[in-house]
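The values are calculated or read from the model by the stated rules, or taken from the named source; none is laboratory data. Just so it is clear, the structure is predicted and the values come from calculations on it, not from any experiment. Using ideal geometry, Cβ is built from the backbone for each residue, glycine included, and neighbour counts are taken over all protein chains shown. Note: accessible area is taken over every heavy atom of the protein model, side chains too, but ligands, DNA and RNA are not part of it. Shrake-Rupley method; radii C 1.70, N 1.55, O 1.52, S 1.80 Å.
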Amino acid sequence: MSAAADRDDPTKRAEGTPDPAAPGGKKRKGRKKDADRVGGVFTSSTARNTATGDPAVIAKNLCVEFIPYVERKPTFRGMFTRRKRRANPVVALDDVSLSINKGEAFGVVGANGAGKSTLLKVLAGTLPPDSGSVDIYGTSPSLLALGVGFNRNLSGRRNVYLGGLGSGLRRSEIDERFEQVVEYADIGVAIDRPVNTYSSGMYSRLAFAVAMQSRPDILLVDELFSVGDQRFRAKSAETMEQILHDAGTIVMVSHSLGRMSKFCDRVAWIDKGKVQKVGEAAEVIEAYQVFSGVDSEEARRFQEDIDEDQDFDD
Amino acid sequence: MSSAPLTISLRPSTSEYLKDLWSRREFAWYMALGNIRAQNSNTYLGLVWWVLSPLLLGMVFLLVFGVILDSRRGDPDYIGFLLSGLFAFYYTRGSVLAGAVSIQQNTKLVSTKRFPRMILPIASIIEAAISFLFSLIPFFVIAGFVGGDWPTPLIWVAIPAFVFQTLFNIGMTSLISLLAIPFRDLTNLTPLLTRVWLYTSPVIFPLDERLKNVSETLFNIFSLNPMASILGLWRTALLGRPLQTRDMVGAAVWGIGIALVGFFVFMRNEHRLVKYL
């Protein structure tokens, strides 16, 4: 696989990649000290400005193709000729190159099937690209997904451990954080009840708290804005802000454009596996909306309505 | 933080992989215990089922093969013979059946988290091993009462028997769990194949007695069955039957051989899995 070949070529990496040990790196450390302020509200991206010039993730020329299962009309002959009539591969990522900086909230927008989730899997290192490479500066990124590794027949307590162990924590580390997680999830005594008795809100609150147990430098988030009720949503947004303030990096995928433009510093718009535009959040989202054939003013109002609705519908 | 970037590497070296696997041992263990607990969480008898299931299974086999079909053939300790073979066979059967779906049942985990995927089949084996140890309780209760002279002086053979069988299970289960992702058909086939395997292994009757009249070539083919050697060792350990060198060598070769093949094939191919999920 050429990903391995690229990795072994140091000259390739050197070009255009700022050295993280350069002065910018020190600046980041300085900022980390005064990062202990807790933002209680969704600060706008312009006010935050935690992004540094240091790269956190550099993705180069990523390509991923899938060969889908195609359901055909079952014929007797077809049973034996399946191999010959191969389905056309679906291109999920087509020569995607991105550079994401430390402390940045980076959004990815695009229609369904544009390749957003595939991109996150490649960045997380679970899906090897067919070609291209990903360089990570810092600890290996973690793709945040809710309820991963949970067993619904077990109690909340055991699932805290299962989820934590699944994301690579040790049991002793989970012991230390356990009380915090339960408090954060606001589950109370229900922690000893089987998870399948939880309401969906309780479930996602616990799942979010468990997922946040391990705080990697680079967090990859797939569609996560609608967890829990409004109070919990404010709390989770605050946690995300906190991560950014600690010079962590967040890469997120969402269809909630209104929230994306508020939260993200930069956004990439992907269509059919190709990067169409990367840049300042509001600008890219607007371009994406124009492309999708929605009048942007109308779309924004509509999106805000949805966001409002989401706040109160639980 | 070092200045060198961490490039996502999907081809770890063997020692890295083993180290990574070892550092995740708590996860495998916790997952196996969780599955065990979850299986009986809604039943009234709860954990009692772990003793009751093998007991009932043994009684069914005794009724059908011991009484109705009269496979005893004058063996005074047929109950011990059948139960030891059955429970030991079910250890491998349980590993393989749970392992075949172990990756499919954790697609979300596999596609979002990085960890040595072999944790998943290993958790299935731990689960089956615990279930096997539980089944030894009814074995000792029944066979001990009926057969009498237990423990035998050859009980130490239980250690190589367990080790070689577990190694064999690790290899088999890893291979099947890996192959069942691109070839989902395997998930449908494994229950059938394990059943055929049960009837061609010396579980219900001893091979040498039943195959007296077949040609030597066919007999040798049947003796090649890894379960023949493994069950032979268990019968030495649990029933005090004479220890056969053939069994010890066969179990060792099969156990270590399949474990190595399974481990390397799995490790070298696990990065392909997510594409098929």
GNM flexibility winner over chain B from B:Leu55, B:Leu233, B:Leu224 (Cα, springs under 10 Å) = B:Leu224
task = Please list A:144-151, B:40-47 highest first by mean number of surrounding beta-carbon atoms within 10 Å per residue.
result = A:144-151, B:40-47
request  = Could you pull out every residue, at least 5 positions away or on a different chain, whose amide H is within less than 5 Å of the one on A:Ala56? Hs are placed 1.01 Å off N in the peptide plane, and Pro or chain starts have none.
outcome  = A:Ile100, A:Asn101, A:Lys102
key: Approximate spin-label separation B:Ser15-B:Arg184, in nm, with each point projected 7 Å along Cα-to-Cβ   = 4.2 nm
Label point distance in nm, B:Arg268-B:Ile68, each placed 7 Å from Cα along Cα→Cβ = 4.7 nm
query = Measuring with a 1.4 Å probe in the full set of protein chains, what accessible area per residue, in whole Å², belongs to chain B?
reply = 48 Å²
inquiry  = I'd like the orientation of helix B:78-100 relative to chain B: the angle between its Cα long axis and the longest Cα principal axis, in ° from 0 to 90, rounded to 10.
reply    = 20 degrees
Whole-Hz ³J(HN,Hα) from phi, Karplus 6.51 cos²θ - 1.76 cosθ + 1.60, for the range A:252-265, glycine and proline x = 10, 10, 7, 9, 7, 5, x, 5, 4, 5, 6, 8, 8, 7
query = What number, rounded to the nearest 500 deg cm²/dmol, is the helix-based mean residue ellipticity at 222 nm of chain B, given -39500 (n - 2.57) per DSSP H run of at least four residues and division by all its residues?
reply = -22500 deg cm²/dmol
request  = Calculate, in nm to one decimal, what B:Asp208 and B:Phe140 gain on full extension: separation in residues at 0.36 nm each, minus their alpha carbon distance.
outcome  = 21.9 nm
ask   = Under the Karplus relation 6.51 cos²θ - 1.76 cosθ + 1.60, θ = phi - 60°, what is the ordered set of whole-Hz ³J(HN,Hα) values for the range A:177-192, x standing for Gly and Pro?
value = 8, 3, 4, 4, 5, 5, 5, 5, 6, 6, 9, x, 6, 5, 4, 9
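With all protein chains present, how much of the accessible area of the range B:14-276 (probe radius 1.4 Å) comes from carbon and sulfur, to the nearest whole percent?
Carbon plus sulfur share of accessible area: 68 percent.
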note = Stretched fully, the stretch from A:Asp229 through A:Lys274 gains (0.36 nm per residue minus C-alpha distance, one decimal, in nm) 12.7 nm
note = Sorted by chain and number, the residues with a modelled amide H under 5 Å from that of A:Leu144, at a separation of 5 or more or across chains, are A:Leu220, A:Val221, A:Asp222
query = For the range A:103-117, list residues with backbone N below 13 Å from a point placed 7 Å from the Cα of A:Phe291 toward its Cβ?
reply = A:108-116
key: Net charge contributed by nearby residues that have their C-beta within less than 10 Å of B:Asp247 (K/R +1, D/E -1)   = +3
ask   = Helix B:185-200 versus the longest principal axis of chain B: what angle, 0 to 90°, nearest 10, using Cα atoms?
value = 20 degrees
Solvent-accessible area buried by pairing A with B, both sides, nearest 100 square angstrom, 1.4 angstrom probe = 3700 Å²
query = Given a Förster distance of 45 angstrom, what is the FRET efficiency for A:Ser140 paired with A:Asp192, based on the Cβ-Cβ distance and rounded to 0.05?
reply = 0.85
ask   = Mind checking the mean number of beta-carbon atoms from other chains within 10 Å of the Cβ atoms in A:146-154?
value = 5
Charge context of B:Gly232, other residues only, Cβ under 12 angstrom, K/R +1, D/E -1 = +1
request  = Determine the sum of side-chain charges near B:Ile181: Lys and Arg each +1, Asp and Glu each -1, restricted to other residues whose C-beta is under 12 angstrom from that of B:Ile181.
outcome  = +2
inquiry  = Can you compute the FRET efficiency between B:Arg25 and B:Val249 using 1/(1 + (r/R0)^6), with r the Cβ-Cβ distance and R0 = 25 Å? Round to the nearest 0.05.
reply    = 0.25
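When ranked by the protection proxy of mean other Cβ atoms within 10 Å per residue, highest first, what sequence do the peptides B:179-192, A:122-135 form?
A:122-135, B:179-192
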